[in-house]
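S.K.: So that we are looking at the same thing, I have put the structure below in structure tokens.
Just so you know, all these numbers are worked out from the coordinates, no wet-lab data involved. No experiment lies behind these values; they were computed from the predicted model shown. Cβ atoms come from the backbone with ideal geometry, glycine included; neighbour counts cover every protein chain shown.
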Amino acid sequence: MPMMFGFADHRRQLLESEARRFGSEAPPYGAMAAWIVGELAHGRVGPETELVIVLIQETDEPFQRRGEFWETHLRPRVGTRYIVYTPGEVDEFEGDDPLLHEAMTSGEVILG
């Protein structure tokens, strides 16, 4: 497969643009705080890199279904995963959940 120079920069720009859009459009839907985690947050962007957003939202939905809300309401333009915690779960799991810990200690803040 031929190598495409500049693709990583282009992909990074798409992901960062989607993150900015999330930060501006998410608050009316109940997002209280949000961070970018994963490859983008660590500066490693490749052709399959997704935007991974950890966010806090008050919700009664089961954990595994919470991301669907954001998919249907914001309709992301690039591959995006939403990992949603409630404020109570943040208090309960902050020290024990590796992804939540990453978000709160080294994630890139996009909201809150």
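S.K.: With both partners inside segment 7-111, how many of the DSSP beta bridges are antiparallel, as a percent to the nearest 5?
M.R.: Close to 60 percent.
S.K.: In addition: What do you get for trypsin sites (Lys or Arg not before Pro) in segment 6-111 restricted to DSSP loop and a cutoff of at most 13 other Cβ within 10 Å of the site's Cβ?
M.R.: ARG44, ARG77
S.K.: Separation between the ARG81 and LEU14 pseudo-spin-labels, each 7 Å from Cα along Cα→Cβ, expressed in nm?
M.R.: 1.8
S.K.: Let me ask something else. Within 14 Å, Cβ to Cβ, of VAL109, how many net charges do the neighbouring residues add up to if Lys/Arg are +1 and Asp/Glu are -1?
M.R.: Neighbourhood net charge equals -2.
S.K.: Using Cα-only point scatterers and the Debye equation, what is log10 of I(q)/I(0) for the chain at each q in 0.20 Å⁻¹, rounded to two decimals?
M.R.: Relative scattering, expressed as log10 I(q)/I(0), comes to -1.05.
S.K.: Shifting gears a bit: What dipole magnitude, in Debye to the nearest 20, does segment 7-111 give about its Cα centre under +1 on Lys/Arg Cβ and -1 on Asp/Glu Cβ?
M.R.: 620
S.K.: So how do TYR85, TYR29 line up by other beta-carbon neighbours within 10 Å, fewest first?
M.R.: TYR29, TYR85
S.K.: Just to be sure I understand: if I project the alpha-carbon convex hull of segment 13-52 onto a plane and average over all orientations, what area do I get in nm²?
M.R.: 2.9
S.K.: Loop only by DSSP, 11 or fewer other Cβ within 10 Å of the Cβ. Give me the GluC sites (Glu not before Pro) in segment 1-54 that pass, ordered by residue number.
M.R.: Those satisfying the criteria are GLU48.
S.K.: Spin-label point model (7 Å from Cα, Cβ direction): what's the GLU89 to ARG44 distance in nm?
M.R.: Placing both labels 7 Å beyond Cα along the Cβ direction yields 2.5 nm.
S.K.: While we're on this one: Can you list the residues, at least 5 places off or on another chain, whose amide H is less than 5 Å from the amide H of ILE83, using H built in the peptide plane?
M.R.: ILE53, VAL54, LEU55
S.K.: Of LEU55, ALA19, TRP70, which is farthest along the charge dipole of the chain in the positive direction, counting Lys and Arg as +1 and Asp and Glu as -1 at C-beta?
M.R.: The Cα lying farthest towards the positive end belongs to ALA19.
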